[in-house]
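The values are calculated or read from the model by the stated rules, or taken from the named source; none is laboratory data. Please read these numbers as outputs of a predicted model, since none were measured by experiment. Methodologically, a virtual Cβ is constructed for each residue, glycine included, from the backbone with ideal geometry; neighbour enumeration extends over all protein chains shown. Only protein heavy atoms, including side chains, enter the accessible area calculation; ligands, DNA and RNA are left aside. Shrake-Rupley method; radii C 1.70, N 1.55, O 1.52, S 1.80 Å.
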Amino acid sequence: MSNPLTPVDGVIGAVASENPAKEDKSKLVANKGAQFTSYDVNAFEVPSGRDELWRFTPLRRLRGLHDGSAVATTGADIAVAAVEGVTVEKVGRDDDRLGVAGVPADRIAAQAFSAFTEATVVSVGREQEISEPIDVTISGPGADALAYGHLQIRLEQFAKATVVIDQQGSGTYAENIEFVVGDSAQLTVVLLQNWERDAVHVAAHHARLGRDSVLRHFNVSLGGDLVRISPTVHYDAPGGDAELLGLYFADAGQHLEQRLLVEHTAPKCKSNVLYKGALQGETGPGTQDAHTVWIGDVLIRAEAEDTSTFEFNRNLVLTDGARADSVPNLEIETGEILGAGHASATGRFDDEQLFYLRARGISEDAARRLIVRGFFHEIIERIPVPAVRERLDAAIEIELAVTGA
């Protein structure tokens with residue numbers, strides 16, 4: 001179907017050193033926070049289906065992004081709407097701000113960092129409060145074309161802003177996006193994977209939070225053939241508050257993958273993760289089932305006392321054949337925490353809910369629509385941009401119309 005939002009390793013290697021290409025990647029690490037990182041693509045081995053980091057991803061559908069055979073045919077197309085108080089810069093690879101939010105932790109992220117020609121930096125100055133959303137549009141390179149991109153969103157101390165990143169078009173696109181949130185700053189970002197059905201998109205999101213800063217990160221995946229998003233959150237000082245919420249809806253043939261890592265490295269910080277997904281689509285000869293993957297890793301370091309964290313993933317399977325993989329992980333290195341937990345649930349319609357609605361004269365098709373809309377309502381209602389909420393409501397209606405749910 002067309003995009004419904006249109007007017008929407010294994011064993012991880014050792015910690016990086018000064019010569020990462022010489023690292024012994026066969027060495028087991030103590031936790032996810034000690035994963036191998038490098039800006040050098042050659043420091044990473046070509047992934048295989050046996051690697052934990054890639055075991056759910058259909059590598060053959062990555063169009064060579066993972067093995068070095070994918071060569072950029074054009075540059076990234078990143079456009080930022082003009083908003084008073086917001087600075088937009090196109091910078092070269094030598095800009096020393098790039099990479100401060102995090103270092104690539106997989107081969108494709110390193111390839112994207114090594115191959116982009118120009119980065120876009122969006123900045124909000126100290127104590128600036130931007131009342132309207134900052135719209136960023138990232139367009140795909142086009143069918144049979146490939147591009148690498150780099151985007152950084154920066155909020156200085158006490159700044160406040162909402163950013164909507166709309167990713168659309170077709171082709172193959174790999175990127176790194178950085179979110180640098182200064183002390184006491186508040187950033188809300190809404191990312192829409194608004195791709196056409198042929199698109200392949202692999203992205204690493206790197207977030208770094210300062211003292212008493214707040215990040216609200218919404219990620220929505222509906223379009224594309226294969227979409228893999230890997231957000232990572234780091235805390236530089238006490239008081240950081242990160243909330244990661246996500247919504248995804250996969251049809252037959254789509255692979256939508258979310259891999260999160262929240263690393264608590266400072267005391268008195270909070271994190272909350274809530275992702276919800278739905279899967280549907282009748283398959284036929286030569287058609288692959290809908291497949292979603294959610295990996296949620298939370299690491300609480302020994303120094304991160306008084307941490308409060310919870311992560312939850314729910315999946316609703318609407319038709320036979322669809323597959324949802326969900327793996328929550330929680331590592332705790334200190335007993336001095338306020339609370340920590342994780343949960344995952346995958347299932348079909350609640351028969352009791354369906355019976356309740358039908359008993360009140362609502363048709364089965366209408367009842368199913370109400371249940372699915374209610375399932376996603378918790379996520380959508382928290383998005384602070386009314387226009388985006390309206391787009392998502394309409395997109396879910398289009399998705400449900402595919403199978404007449």
Practice problem: Could you calculate the contour length gain from VAL100 to ALA401, that is, 0.36 nm times the residue separation minus the distance between their Cα atoms, to one decimal place in nm? | Solution: 104.0 nm
Exercise. For the chain, compute the number of Lys pairs whose alpha carbons are separated by less than 29 Å, excluding pairs fewer than 8 positions apart on the same chain.
Key: 9
Quiz item: Taking Rh as the Kirkwood radius computed over C-alpha pairs, what is the Stokes-Einstein D of region 158-217 at 4 °C in a medium of viscosity 1.567 mPa s, expressed in µm² per second?
Solution: 102 µm²/s
Quiz item: What is the extension gain from LEU59 to GLU390, computed as 0.36 nm multiplied by their sequence separation minus the C-alpha to C-alpha distance, in nm to one decimal?
Solution: 115.7 nm
Quiz prompt | Residue-wise HN-Hα coupling along region 320-330, computed from phi with Karplus coefficients 6.51, -1.76, 1.60 (Hz; x: Gly, Pro) | solution = 5, x, 5, 10, 10, 9, 9, 9, x, 9, 9
Practice problem: Highest first, please rank the peptides 295-304, 378-387, 88-97 by the mean number of other Cβ atoms sitting within 10 Å of their residues. | Solution: 295-304, 378-387, 88-97
Quiz item: Got a sec to turn the phi values of region 243-255 into Karplus ³J(HN,Hα) couplings, 6.51 cos²θ - 1.76 cosθ + 1.60 with θ = phi - 60°, whole Hz, x for Gly and Pro?
Solution: 10, 10, 10, x, 9, 9, 9, 9, 9, 3, x, 8, 10
Quiz item: Over the Cα atoms of region 161-258, how large are the radius of gyration and the largest Cα-Cα distance (Dmax), in Å?
Solution: 14.3, 44
Exercise. List the residues whose amide H sits under 5 Å from the amide H of GLY296, counting only those 5 or more places along or on another chain, with H placed 1.01 Å from N in the peptide plane.
Key: LEU260, VAL327, ASN329
Quiz prompt | Descending semi-axes in whole angstrom, ellipsoid equivalent of the chain, from the Cα gyration tensor | solution = 31, 25, 23
Self-check item: Share of carbon and sulfur in the accessible heavy-atom surface of the chain [1.4 Å probe, %]
Solution: 46 percent
Quiz item: Which whole-Hz couplings ³J(HN,Hα) result when phi for each residue of region 275-281 is put into the Karplus expression 6.51 cos²θ - 1.76 cosθ + 1.60, θ = phi - 60°, listed in order with x for Gly and Pro?
Solution: 10, 10, x, 10, 9, 7, x
Quiz item: ALA81 to THR334: extension gain in nm, 0.36 nm per residue of separation minus the Cα-Cα distance?
Solution: 86.6 nm
Quiz item: Which value in nm describes the separation of the simple spin-label points at ARG197 and ASP144, placed 7 Å from the Cα toward the beta carbon?
Solution: 1.9 nm
